[in-house]
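Derivation of every value follows stated rules applied to the coordinates shown; laboratory data play no part. Computed from a predicted structure; not experimentally measured. We place every Cβ from the backbone using ideal geometry, glycine too, and count neighbours over all the protein chains shown.
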Amino acid sequence: MAIDFLERCEVVEECYEFLLGYAAQGLQSDEGSSAGREVRTQLEQAREALIGLPESCRQAIHDHQLEPSGKYDAFCRTLERDGNDSLVALELVLAQPAISSQLIDNLNASSHLRALLTDLFLFGEILRTRVKVTVTVEGQ
């Protein structure tokens, strides 16, 4: 369903925005600050959003009968790869006893996370546009 996919996108995007601010704070650890407590929460929420993201994408494609199917199937494979690579990086950061601003800055710079965000922006825009067109046509 389109809404599920877009909600997952929003969680990941909000996490990334938070991480940008966290990286700029120069913290040595996530201990002892509200931002430190929040960084783990944001990362955990993003992790949960990533689990099942490719399936959510495939479901949105199916529900809205997006064509040509071969192009969308290929994109889903890319999204799955980028999502899995990003998930590995997020889980590595979460496994650390201390999450510093520098560690988050390195995560933010990860080509895996940037590729995932680009995937989300791209398909999210396509989906919002296509669903809007579908709703407009059906409402006439």
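Work through the residues other than residue 119 whose Cβ is under 15 Å from its Cβ and net out their charges, Lys, Arg +1 and Asp, Glu -1. It works out to a net charge of -1.
In the chain, the C-alpha radius of gyration followed by the widest Cα-Cα span (Dmax) gives 16.8, 57 angstrom.
Considering only 66, 27, 93, and ranking their Cα positions along the charge dipole of the chain that arises from unit charges at the beta-carbon of Lys, Arg, Asp and Glu, the one farthest toward the positive end is 66.
Considering only 108, 122, 54, and ranking their Cα positions along the charge dipole of segment 2-139 that arises from unit charges at the beta-carbon of Lys, Arg, Asp and Glu, the one farthest toward the positive end is 122.
With charges only on Cβ, +1 for K and R and -1 for D and E, what is the dipole size of segment 42-118 about its Cα centre, in debye, rounded to 20?
On the way: 6 positive and 11 negative charges, 34 e Å.
My answer is approximately 160 debye.
Tell me, what is the Rg over Rh of segment 87-126, with Rh the Kirkwood radius over Cα pairs? Answer for segment 87-126: 1.09. For the chain, modelled as a GNM whose springs connect Cα atoms under 10 angstrom apart, the maximal fluctuation among 42, 59, 96 occurs at 96.
About its Cα centre, how strong a charge dipole does the chain have in debye, to the nearest 20, once Lys and Arg get +1 and Asp and Glu get -1 at the Cβ? All intermediate terms of the calculation are to be shown ahead of the outcome.
Numbers: 12 positive and 23 negative charges, 53 e Å.
Using Cβ point charges on Lys, Arg, Asp and Glu, the chain gives about 260 debye.
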